[in-house]
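Have a look at the structure below before the remarks.
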């Protein structure tokens, strides 16, 4: 399996690839070496996703600042 970089990978693509890796591993038909490679790639993708989520949280905090004081608001989805 070719090693892919996680630099510049957007959250949705990284998450999609991670989900596919998990599905392949759950099938249980991989060799130990293949499983280890997929696990390593999954770890990289997981870190990239976490980094993207942390960056989004920082942006939300900055956007939520009011009068120099940060006011975090609970997220409430639309009732559609």
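Once C-alpha pairs closer than 8 Å and six or more residues apart are averaged by separation and normalised to the residue number of segment 11-64, the relative contact order reads 50 percent. Each peptide in 44-51, 22-29 gets a packing score, the mean of other Cβ atoms within 10 Å over its residues, and the list from highest to lowest is 44-51, 22-29.
FYI, it's all coordinate maths here, none of it is from the lab. No experiment lies behind these values; they were computed from the predicted model shown. Reconstructed Cβ throughout: ideal geometry from the backbone, glycine too, with neighbour counts over all protein chains shown.
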